[in-house]
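Right, one structure below, let's go through it.
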Amino acid sequence: MAQQQSLKQLVTNTISDGKRLLTAQVNLTTTELSQTSKTIGQISLLAVIAISMVSMGGVFILIAIAYALVALGLPVWAGFLIVAVVLFLVAAVLGIVIMSKGKSVKAPNVASAQWKKTSESLTALNNLGE
């Protein structure tokens, strides 16, 4: 009888430990997903800025072409063209930053591995109890 009680206590302790482990894994998963979403938010902001710069560059190129056609040879359009080139350069730099940040986005690998280990352990424990 004493042996059954200690076995019962062991199972109770194991279940309690399993609940604490699952809670810790939920917290780990939440933390990893939070970090990933923050990085995606930063990438999205930079992409919007890059798209804006490209759009503005396009407008300036069109204005420069218009002035070139009207003035043919006047240096006014050259100023507009220089501004457009600078905007495209800024967009290119932002594009490089976006690409480098995009490579750092990863799935929650640690949490996924821990969920698999817990599942295997609980399955083994369940099979032991049967």
Fill in: the chain: radius of gyration over Cα atoms, expressed as a fraction of 2.2 N^0.38 Å
2.14
Item to complete: Let me know the number of lysine pairs in the chain closer than 29 Å at the Cα, not counting same-chain pairs under 8 apart.
Response: 17
Item to complete: Could you tell me the distance between the Cα centroids of the stretch 5-46 and the stretch 87-104, to the nearest Å?
Response: 34
Item to complete: Have a look at ALA66, ALA92, ALA107 and tell me which one the Gaussian network model of the chain (Cα, springs below 10 Å) gives the largest fluctuation.
Response: ALA66
Item to complete: Could you go through the stretch 6-14 in sequence order and give the Karplus-derived ³J(HN,Hα) for each residue, using 6.51 cos²θ - 1.76 cosθ + 1.60 with θ = phi - 60°, rounded to whole Hz, and x for Gly and Pro?
Response: 5, 5, 4, 5, 4, 5, 4, 4, 5
Practice prompt. Could you calculate the FRET efficiency of ASN13 with SER112 from 1/(1 + (r/R0)^6), where r is the beta carbon distance between them and R0 is 30 Å, rounded to 0.05?
Written response: 0.65
Worksheet item: How far, in nm, would the chain grow between ILE51 and LEU21 when pulled straight, counting 0.36 nm per residue and subtracting the alpha carbon separation?
Response: 6.3 nm
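Bear in mind these aren't lab numbers, they're just calculated from the coordinates by the rules spelled out. Just so it is clear, the structure is predicted and the values come from calculations on it, not from any experiment. FYI the Cβ positions are ideal-geometry reconstructions off the backbone, even for glycines, and counts take in every protein chain you see.
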